[in-house]
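Peer 1: Please see the structure below; I have some questions.
The values are calculated or read from the model by the stated rules, or taken from the named source; none is laboratory data. Bear in mind that the values here come from a model prediction, so they are computed numbers and not experimental data. So basically every Cβ, Gly included, is an ideal-geometry build from the backbone, and we count neighbours across all protein chains shown.
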Amino acid sequence: MLDSQEHMVIISISAVERDAKLIVPSQKKIVMDSGQIGEALDRIASSILSASEDGVDDLVLVGIRTGGAFLSHRLTDVLTRKSGVRILNGVIDITLYRDDWTKISSKPILGKTELNFSIDNKRVVLVDDVLFTGRTVRAAMDALIDFGRPSKIELAVLADRGYRELPICANYIGITIHTTLRERVNVYLAEMGYADEVAVENNGQAEG
């Protein structure tokens, strides 16, 4: 039999262990800095041009809002400089095309889609920051088809972290990162008010 004092000590220790499980310190590992992001975009641009056997007259880039939109603008600038041809760039918002949008909010916040050109018979390179389950890309393709019929859709991502739930893969990848499901891959960009970097962070909670 435990006396009352021993019983109180055990309860206190149990409470500390319980609280320790609820509060997990955030851990952050930088896997790409500003220079490496720039180099990755340069490599992706070179690969896109290498695959452009018939030239780039039919090439357009479309960034997936938000991170993908910023990266798409940067990649467009690199491609225009390398090719000497002005590459068209657009932005697409996929909020209403997500298969989980009703679970996020009854009044979702919609971003602006900016496609001021026809994508009919165009070679469209979708651009996103992180490729994970593939559901974001699927939603983006559904959205694109509502705007026209491209001759081809390709995908360029800065980071591929795996764990696909749909049969989707990227044509152009900046970096492949091996993670656990309890880790998050976050892309921070100057356009968002941060220093450019890609970080793997562990906040103790699995992603959906």
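Peer 1: Looking only at the stretch 53-77, which residues are at pLDDT 95 or above and of a type in the set (Ser, Thr, Tyr)?
Peer 2: SER72, THR76
Peer 1: Still on this structure, please answer the following. For the stretch 153-199, give me each residue that is in a strand (DSSP E or B), surrounded by fewer than 15 Cβ atoms within 10 Å (Cβ to Cβ) and in contact (Cβ under 8 Å) with a residue 24 or more places away in the chain. Spell out the reasoning first.
Peer 2: Going through the stretch 153-199, the residues in a strand (DSSP E or B) turn out to be 153-160, 172-176, 183-188, 197-199.
Remaining after also requiring surrounded by fewer than 15 Cβ atoms within 10 Å (Cβ to Cβ): 176.
Passing the criteria: none in range.
Peer 1: Report the residue count in the stretch 52-83 for those that are part of a helix (DSSP H, G or I), within 19 Å of the chain's Cα centre (by Cα) and farther than 19 Å from GLN36 by Cβ.
Peer 2: Residues that pass the stated criteria total 2.
Yes/no matrix, rows are residues, columns are (1) part of a helix (DSSP H, G or I); (2) in contact with a helix residue (DSSP H, G or I) (Cβ under 7 Å, 6 or more places away or on another chain); (3) at pLDDT 55 or above; (4) farther than 30 Å from ILE145 by Cα:
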| position | (1), (2), (3), (4) |
| --- | --- |
| MET8 | yes, no, no, yes |
| ILE11 | yes, no, no, yes |
| ALA20 | yes, no, no, yes |
| VAL24 | no, no, no, yes |
| LEU110 | no, yes, yes, no |
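Peer 1: From (1) modelled with pLDDT of 50 or more; (2) part of a loop (DSSP other than H, G, I, E, B), pick out the condition that doesn't hold for LEU49.
Peer 2: Only one criterion in (1) modelled with pLDDT of 50 or more; (2) part of a loop (DSSP other than H, G, I, E, B) is unmet by LEU49, namely (2).
Peer 1: Need the failing condition index for ARG86 against (1) at pLDDT 95 or above; (2) part of a helix (DSSP H, G or I); (3) among the charged types (D, E, K, R); (4) surrounded by fewer than 12 Cβ atoms within 10 Å (Cβ to Cβ), just the number.
Peer 2: Of everything listed in (1) at pLDDT 95 or above; (2) part of a helix (DSSP H, G or I); (3) among the charged types (D, E, K, R); (4) surrounded by fewer than 12 Cβ atoms within 10 Å (Cβ to Cβ), ARG86 misses just condition (2).
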